[in-house]
C-alpha cells in the first residue's frame, strides 16, 4: 500500500513538471544576422498575418540565435502553426546607462532619444522587407533572418 502511494505521488509530481504547452504550439528557432554578423539582443516577434491575435517572441543570444515563446507557454516552446509577419528590433534609450544624477544633467526633463542598433525599418511590418513565414506542424521550423544596414 505504502509503495503504491509513493508511486502515485511520483506520477502526479512528474506530470506537474511536464512542459507547459497549453496551446499546441510548434517549436521555432533561427538566427539573426546584420551585414553577415550575428546580433545579440534582437527582439524577434512573430505576429499572425491573419490578425487573429496569435503572436510569439524571442530574444537572440550571444550567437544571434533565438527560440520563440508564446505567452503562457514555457520558454522556447514555440508558436501556433500559422502564417506570421516578422519584426526585428534592437534599440537603446539615450541615457539608460547613466546614474540618476548624470541622467538629469544630460537628459533633464526632455524625452530621451531612442537609438536603433539595427535599422528601425525592421521594427514595423509596414516598413520591413522581411517576407511572412509559415509555421507548420510536423516540419522543421527554422527561420533565419539576414538583414542589412545598407
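Structure data summary
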quantity	calculated
Inter-residue pairs, beta-carbon under 8 Å, first touching a residue at least 12 places away in the same chain (Cβ under 8 Å) and at negative phi and in region 110-124, second assigned to a helix (DSSP H, G or I) and surrounded by 15 or more Cβ atoms within 10 Å (Cβ to Cβ), 6+ apart	116/123
Extreme residue, surrounded by the most Cβ atoms within 10 Å (Cβ to Cβ), among residues of region 47-68 that are within 8 Å of the chain's Cα centre (by Cα) and closer than 21 Å to residue 34 by Cβ	68
Looking only at region 117-133, and only at residues there that are outside any loop (DSSP other than H, G, I, E, B) and within 16 Å of the chain's Cα centre (by Cα), the one that is surrounded by the most Cβ atoms within 10 Å (Cβ to Cβ)	122
Count of region 22-32 residues which are surrounded by fewer than 17 Cβ atoms within 10 Å (Cβ to Cβ) and farther than 18 Å from residue 134 by Cβ	1
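The numbers here are math on the coordinates, done by the rules we state, and not lab data. The structure displayed is predicted, hence computed values, not measured ones. In this analysis, Cβ positions are derived from the backbone assuming ideal geometry, glycine residues included, and neighbour counts consider all displayed protein chains.
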